[in-house]
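Visitor: Here it is, the structure in full.
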Amino acid sequence: MTITHPYHPLRGHRVTLVRIRHGVDPDLIVQRATVAVLNAIYEEEFRGFSYGFRPGRSPHDALDAVTVGIEKRNVNWVLDADIRGFFEPAS
């Protein structure tokens with residue numbers, strides 16, 4: 001099959017989001033309430049060395065904790081695991 005004409009993508013479709021000028025967006029209220037409830041439930045389940053997506057903790061805090069752990073303790077090895085594709089189906 002020979003292509004005789006170049007591909008020209010269609011123009012993008014622009015959508016303008018309506019912002020509420022006075023008051024607060026109801027969806028934002030629901031989102032913040034959901035986050036507050038889930039944080040209250042799961043925060044006590046996390047271990048002290050868990051830093052991922054927790055309020056008041058950042059990647060910089062995690063790196064600081066690793067640095068302190070390596071410098072103050074007798075560390076023989078460090079494990080870094082990326083499980084991003086672990087739950088994807090095998091092909």
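Every read-out reported here was derived from the displayed coordinates using simple, explicitly stated rules and does not represent laboratory data. Predicted model only: the values in this text are computed from it and were never measured. Backbone-built Cβ (ideal geometry, glycine too); neighbour counts: all protein chains shown.
Visitor: Where the second residue is exposed (fewer than 10 other Cβ atoms within 10 Å of the Cβ) and not small (G, A, S) and the first is free of Cβ contacts under 8 Å to residues at least 60 places away in the same chain and lies in segment 62-76, which pairs have Cβ atoms under 8 Å and are six or more apart or on separate chains?
Guide: From residues that are free of Cβ contacts under 8 Å to residues at least 60 places away in the same chain, the pairs are A65/F49; V66/V78; I70/V78.
Visitor: Among residues belonging to segment 52-91 that are in a loop (DSSP other than H, G, I, E, B) and polar (S, T, N, Q), point out the one that is farthest from A40 (Cα to Cα). Don't jump to the end; show me each part of the working.
Guide: Initial filter on segment 52-91 (in a loop (DSSP other than H, G, I, E, B)): 52-58, 73-91.
Checking which are polar (S, T, N, Q) leaves us with 58, 74, 76, 91.
Numbers: S58: 18, N74: 35, N76: 36, S91: 39 Å.
Once the filter is applied, the top-ranked residue is S91.
Visitor: Being basic (K, R) and surrounded by fewer than 10 Cβ atoms within 10 Å (Cβ to Cβ) is the filter here; which residues of segment 43-91 pass it?
Guide: R47, K72, R73, R84
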